[in-house]
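To keep things clear, I will list the structure first and then write my remarks on it.
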Amino acid sequence: MNDPLRSILVGTLALTVAGIFALVLTYYRIPVTIGRDKLQRTNALVIACLTFQGAHFVEEYATRFYERFPSLLGLQPWSATFFVAFNVFWLIIWVVAAFGLRSGACVAFFPLWFLAIAMIANGIAHPMLAVRVGGYFPGLISAPVVGIAGVVLWKHLMALTQRAGRSRMRPSSASELR
């Protein structure tokens with residue numbers, strides 16, 4: 001495996017785990033019926049989270065997170081092009097999910113669960129990275145706000161969903177497996 005690809009795969013491993021967790025939540029938690037007011041509040045919360053996440057991305061880019069983070073792990077720095085494309089891709093997915101939320105489709109929840117988990121992880125990881133390097137680490141200034149917003153979004157998503165019925169979690173008969 002070439003070094004740039006290895007750096008990207010290893011460096012984003014925590015996000016891969018977050019994505020798997022988001023998929024599990026999407027499968028095992030189903031949306032509940034919500035009123036128009038709650039839907040508008042949810043969309044406003046998602047827009048606020050996207051604003052905070054966008055500001056976090058700008059801070060990371062301006063302070064060269066894409067070079068410093070992989071280097072801290074002993075990996076080759078990422079290209080600025082990859083870092084921007086990766087972040088813009090997810091911002092677009094999250095905007096589309098905010099619109100998809102109106103339909104109540106389960107699939108719209110996956111990116112939002114991922115957003116909440118990623119924001120919480122950022123709120124924890126950046127201060128830890130700063131402690132590790134003994135000073136500022138790219139993304140540290142916006143990380144606490146991002147982390148708190150992620151917790152609020154998590155709680156909101158929990159309120160908008162409920163645990164799926166037992167039949168979805170475990171088939172009760174062989175006929176349900178087909």
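The values are calculated or read from the model by the stated rules, or taken from the named source; none is laboratory data. Since we're looking at a predicted model, the values are computed, not measured. Neighbour counts run over all protein chains shown; Cβ positions are idealised from the backbone, glycine included.
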Worksheet entry | Test for Ser172: is it within 24 Å of Gln40 (Cβ to Cβ), among the small types (Gly, Ala, Ser) and at pLDDT below 90 | no
Worksheet item: Looking at this structure, is Ala118 more than 18 Å from Val151 (Cβ to Cβ) and buried (at least 18 other Cβ atoms within 10 Å of the Cβ)?
Response: no
Worksheet, complete the sentence: Of the residues in the range 122-144, those that are touching a residue at least 24 places away in the same chain (Cβ under 8 Å) and closer than 27 Å to Val24 by Cβ come to Asn122, Gly123, Ala125, Leu129, Gly139, Ala143
Discussion item. Just the residues that are surrounded by fewer than 19 Cβ atoms within 10 Å (Cβ to Cβ), over 13 Å from the mean Cα position of the chain (by Cα) and not small (Gly, Ala, Ser), please, taken from the range 89-115.
Written reply: Val96, Phe99, Arg102, Cys106, Val107
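Could you check the range 1-23 and list, in sequence order, the residues that are out of contact with any helix residue (DSSP H, G or I) (no Cβ under 7 Å at 6 or more places or on another chain) and farther than 21 Å from Val95 by Cα? Working first, answer last.
In the first step, residues of the range 1-23 are kept if they are out of contact with any helix residue (DSSP H, G or I) (no Cβ under 7 Å at 6 or more places or on another chain); the result is 1-6, 9-10, 12-13, 16-17, 20.
Within the range 1-23, Met1, Asn2, Asp3, Pro4, Leu5, Arg6, Leu9, Val10, Thr12, Leu13, Val17 qualify.
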Worksheet item: Counting only residues that are more than 21 Å from Ala121 (Cβ to Cβ) and not in a helix (DSSP H, G or I), which one in the range 1-23 is modelled with the highest pLDDT?
Response: Asn2
Worksheet item: When His126 is evaluated against the numbered criteria (1) surrounded by 17 or more Cβ atoms within 10 Å (Cβ to Cβ); (2) more than 22 Å from Ser7 (Cβ to Cβ), which criterion, by number, is the only one it fails?
Response: (2)
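Quick check on my filter: what residues within the range 24-55 are of a type in the set (D, E, K, R), surrounded by 12 or more Cβ atoms within 10 Å (Cβ to Cβ) and modelled with pLDDT under 85?
Residues of the range 24-55 that are of a type in the set (D, E, K, R), as a first pass: 29, 36-38, 41.
Within this subset, residues satisfying the condition of being surrounded by 12 or more Cβ atoms within 10 Å (Cβ to Cβ) are 29, 38, 41.
Hit for the range 24-55 is Lys38, nothing else.
Given the criteria out of contact with any Ser or Thr (no Cβ under 8 Å at 6 or more places or on another chain), surrounded by fewer than 21 Cβ atoms within 10 Å (Cβ to Cβ) and in a loop (DSSP other than H, G, I, E, B), does Gly135 qualify? Before you say what the answer is, go through the steps one by one.
On the way: out of contact with any Ser or Thr (no Cβ under 8 Å at 6 or more places or on another chain): yes; surrounded by fewer than 21 Cβ atoms within 10 Å (Cβ to Cβ): yes; in a loop (DSSP other than H, G, I, E, B): yes.
Taking the combined requirement at face value, the residue satisfies it.
Matching residues to (1) aromatic (Phe, Trp, Tyr); (2) on the phi > 0 side of the Ramachandran plot; (3) in contact with a Leu (Cβ under 8 Å, 6 or more places away or on another chain); (4) touching a residue at least 40 places away in the same chain (Cβ under 8 Å):
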residue: Phe83; (1), (2), (3), (4): yes, no, no, no
residue: Val88; (1), (2), (3), (4): no, no, no, no
residue: Val107; (1), (2), (3), (4): no, no, no, yes
residue: Ile120; (1), (2), (3), (4): no, no, no, no
